[in-house]
Every structure is written in structure tokens, then in C-alpha cells.
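J.: Here it is: the structure, laid out below.
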Amino acid sequence: MAIVTLLWVAWLRITKINQEGQRMSNIVVLVKQVPDTYSERKLKEDDFTLDRDSADKVLDEINEFAVESALRLKEADDSLNVIVLSVGPASSTEALRKALSLGCDEAILVTDDALAGSDTLGTAWALTNALNQIEDIKLIVTGNASTDGASGSMAGLLAEYRQIPALTHLSEVSLEGDTVKGVRQVDEGRFELEAPAPAIVSIMEKAPTPRFAAFKGIMAAKKKTIKELSLSDIGVDAANVGLSNATTSVAGVTPKPPKSAGEIITDEGDGGKKLVEFLVKEKLV
């Protein structure tokens, strides 16, 4: 009897069960800590990589939309567990705690000095191997493009690595059984998409507005443990990531020119005419 009990406890540790006794599936939200868009972003002078210490660091705004979409799916189905996953420096724990304070259940950070300077391919490779450490993934959610790299290719890369469908640039997402449904609302029109789970979706700014963290959520997030993994923990060779293995690089930069004073037009009865002439000269009309 004792052996049976021990086996039951061990099984519970591997498989999450909700209060109704249902086996829980995971939604994994990919998040990223980025320099605040309201701060001045700079590149390092030696290798032209982003200087992450030169500006305030925040959870990328588009990731808040991704988190909100995942939390709404969880609220509609309590058999879902929301995990936030990030690849980045140790300071990324701040972004993960922000996501936890909004209502996410667990957080995982892949952090390793060898990851510094990784391009999108290297980051995607680290992410897909980190995802291999999570059981029963029903849906992977990401933003449509980060505000620092802005490649917009992460969903496609992970779909290829994992051989699962990708529904991109969604303003709405839902789960109906083992089917993922979404709405892509773009200039060309409104498109209704669907695919079998597991799948990956990318969320755009037209998705539901992210919630604010309540005091209770902030305090709860402080108590939660963020699981940290190294490259060796996820089975990634350091030679496959990092700046030296990046397929893209920045060869040089030109500082943005300082803002100049605008042209002042004195209205002497012909202000409208002068304004039109200025717009025509600048090819704005």
C-alpha cells in the first residue's frame, strides 16, 4: 500500500491535476525583457549589440498582449496551466515576475553567458530545446514581433523546429477541444484561421488590452520560484548560439541626427498659402 501511495505521489508531481481531478495541459507564453521604448536605446561600440544596461528594462509590451490572451484561455478552461518562458540575462527574472503578477502560474528562465549576442535563429533553437523540458504543451503564445529585434519570425521558426502549425498576427485566439482558432485582422481584411493543437500563435496589438497587476498578484509573484536553466540543462551546445554563431551581424552604425528646430511660418494673411507651399515642397501632399 505504501508503494502504491508513493507511486501516486510521484505521478502527481509529473502530471498536474486541477481541483476537479482533470489532467492539466500547458500554455507556454514566450516573453522577453527589452530596453524601455521610452528610454534611449544604444548599441555597444565594440560589437554593435544592444546595450541592455543603457536603458530601463521592462517586459516587452507586445508580450503583455500575449500573456493576456493566454490568461483569458485559462479563465475559460481551468484545465489549462500558464507557464511563461524567457531566454535572456539573469535580469530577465524581473520581466517574468511581471508576468506572474498578472496571473501566470509558473516561470522558466534560460540564462547562460554563452547566449549573449544570439540572433533570432540561436534564440529560437534555445527556446525549442527549453520547450522540450515542458510536458503536455497544448499551445505556445508569443508576440508578433519584439520591440528590440522586430524580426517577427519567432513563431515561424519554432513552428518549423517543432513541426507544428503556426497561426500568426492574431487579434483573437480561442481553444475548442483540440482545435486552435484565431482571427487575423489586418489591412487586407479579417481572416478566420484554425489548426490542430499543439500549435503556436503570435499575438498583435489589436488583441484584448492587457490587464493591470493587482496588489494580491504582485505579492503572490514575489513568493513564486522562477526555474532557471542553463544551456547544458536543455541540451544545447554553446557553439550553436551566441554572437560568434549568429547568421546576421551589424557592421556599423550611424547616429541618428539631432532634431532641428521646425520652420516657423508667420501668418500675415497668407499663412494658409505658405503652409500649402511647405507641404508641397516636402512632398507631403
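The values are calculated or read from the model by the stated rules, or taken from the named source; none is laboratory data. What you are looking at is a predicted structure, and each value in this text was computed from that prediction instead of being measured. Ideal geometry is used to build each Cβ from the backbone, glycine not excepted, and the neighbour counts take in all protein chains shown. Calculation scope for accessible area: heavy atoms of the full protein, side chains included, ligands and nucleic acids excluded. Shrake-Rupley method; radii C 1.70, N 1.55, O 1.52, S 1.80 Å.
J.: Taking the options PHE215, PHE191, name whichever one is on the phi < 0 side of the Ramachandran plot and exposed (fewer than 13 other Cβ atoms within 10 Å of the Cβ). Talk me through it step by step, then tell me what you get.
T.: Details: PHE191 fails: exposed (fewer than 13 other Cβ atoms within 10 Å of the Cβ).
When all the criteria are applied, what remains is PHE215.
J.: Would you tally the residues in the range 231-244 being open to solvent by less than 80 Å² (accessible area, probe 1.4 Å), in contact (Cβ under 8 Å) with a residue 12 or more places away in the chain and on the phi < 0 side of the Ramachandran plot?
T.: So in the range 231-244, the residues open to solvent by less than 80 Å² (accessible area, probe 1.4 Å) come out as 231, 234-236, 238-243.
Keeping just the survivors that are in contact (Cβ under 8 Å) with a residue 12 or more places away in the chain gives 231, 234-236, 238, 240-243.
From what is left, the residues that are on the phi < 0 side of the Ramachandran plot are 231, 234, 236, 238, 240-241, 243.
Within the range 231-244, residues that are open to solvent by less than 80 Å² (accessible area, probe 1.4 Å), in contact (Cβ under 8 Å) with a residue 12 or more places away in the chain and on the phi < 0 side of the Ramachandran plot number 7.
J.: Then there's this: For the range 183-211, how many residues are closer than 16 Å to LEU30 by Cβ and touching a strand residue (DSSP E or B) at 6+ places or on another chain (Cβ under 8 Å)? First the steps, then the outcome.
T.: Of the range 183-211, the ones closer than 16 Å to LEU30 by Cβ are 198-204, 207, 210.
Next, only the ones that are touching a strand residue (DSSP E or B) at 6+ places or on another chain (Cβ under 8 Å) stay: 198-204, 207.
Final tally of qualifying residues: 8.
J.: The conditions are (1) under 25 Å from ASN132 (Cβ atoms); (2) modelled with pLDDT under 95; (3) in a loop (DSSP other than H, G, I, E, B); (4) not acidic (Asp, Glu), and VAL236 fails exactly one of them. Which is it?
T.: Failed condition: (2).
Conditions (1) modelled with pLDDT of 95 or more; (2) surrounded by 12 or more Cβ atoms within 10 Å (Cβ to Cβ); (3) among the aliphatic types (A, V, I, L, M), marked per residue:
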| site | (1), (2), (3) |
| --- | --- |
| GLY152 | no, yes, no |
| ARG162 | yes, yes, no |
| PRO165 | yes, yes, no |
| MET219 | yes, no, yes |
| LYS224 | yes, yes, no |
| LEU229 | yes, yes, yes |
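J.: Which condition number does LEU167 fail, the rest of (1) part of a strand (DSSP E or B); (2) touching a residue at least 60 places away in the same chain (Cβ under 8 Å) being met?
T.: (2)
J.: Name the single residue that is nearest to the chain's Cα centre (by Cα) among those in the range 138-148 being of a type in the set (A, V, I, L, M) and either in a helix (DSSP H, G or I) or within 16 Å of PRO198 (Cα to Cα) (or both). Before the answer, list the steps.
T.: From the range 138-148, those of a type in the set (A, V, I, L, M) are 139-141, 145; that's our starting set.
Pick out the ones that are also either in a helix (DSSP H, G or I) or within 16 Å of PRO198 (Cα to Cα) (or both) and you get 139-141.
On the way: LEU139: 14, ILE140: 10, VAL141: 8 Å.
Filtering the range 138-148 for residues that are of a type in the set (A, V, I, L, M) and either in a helix (DSSP H, G or I) or within 16 Å of PRO198 (Cα to Cα) (or both), the one nearest to the chain's Cα centre (by Cα) comes out as VAL141.
J.: Between residues in the range 149-160 that are more than 15 Å from ASP60 (Cα to Cα) and assigned to a helix (DSSP H, G or I) and residues that are open to solvent by 40 Å² or more (accessible area, probe 1.4 Å) and of a type outside the set (A, V, I, L, M), which pairs lie under 8 Å by C-beta distance while being six or more apart or on different chains?
T.: Going by the 8 Å Cβ cut-off, the qualifying pairs are LEU157/THR120; ALA159/PRO165.
J.: VAL141 fails exactly one of the following numbered conditions: (1) modelled with pLDDT of 95 or more; (2) open to solvent by 50 Å² or more (accessible area, probe 1.4 Å); (3) aliphatic (A, V, I, L, M). What is the number of that condition?
T.: The failed condition is (2).
J.: May I pose another question? State which residue is nearest to ILE27 (Cα to Cα) when the search covers only the range 100-118 and only residues that are open to solvent by less than 20 Å² (accessible area, probe 1.4 Å) and either in a loop (DSSP other than H, G, I, E, B) or of a type in the set (Gly, Ala, Ser) (or both).
T.: CYS104
J.: Among the residues of the range 196-219, is there at least one that is in contact (Cβ under 8 Å) with a residue 40 or more places away in the chain and of a type in the set (D, E, K, R)?
T.: yes
J.: In addition: Go through the residues of the range 175-182 one by one and say whether even a single one is open to solvent by 30 Å² or more (accessible area, probe 1.4 Å) and under 14 Å from LEU30 (Cβ atoms). Write out each step before concluding.
T.: We begin by selecting, within the range 175-182, every residue open to solvent by 30 Å² or more (accessible area, probe 1.4 Å); these are 175-179, 181.
Now narrow it down to the ones that are under 14 Å from LEU30 (Cβ atoms): none.
Looking through the range 175-182, none of the residues is open to solvent by 30 Å² or more (accessible area, probe 1.4 Å) and under 14 Å from LEU30 (Cβ atoms).
J.: Still on this structure: Residue by residue through the range 67-99, note down the ones that are over 29 Å from ASP119 (Cα atoms) and part of a loop (DSSP other than H, G, I, E, B).
T.: ASP77, ASP78, SER79
J.: Identify all residues within the range 36-79 that are at pLDDT 85 or above, open to solvent by less than 30 Å² (accessible area, probe 1.4 Å) and farther than 22 Å from PHE212 by Cβ; write none if there are none.
T.: SER79
J.: I'd like the full set of residues that are over 16 Å from PRO255 (Cα atoms) and of a type in the set (A, V, I, L, M), limited to the range 34-66.
T.: Scanning the range 34-66 gives VAL34, ALA55, VAL58, LEU59, ILE62, ALA66.
J.: Condition test on ARG97, is it open to solvent by 40 Å² or more (accessible area, probe 1.4 Å) and modelled with pLDDT of 85 or more?
T.: In short, yes.
J.: Collect the residues in the range 245-285 that are surrounded by 13 or more Cβ atoms within 10 Å (Cβ to Cβ) and among the small types (Gly, Ala, Ser), keeping them in residue-number order.
T.: ALA246
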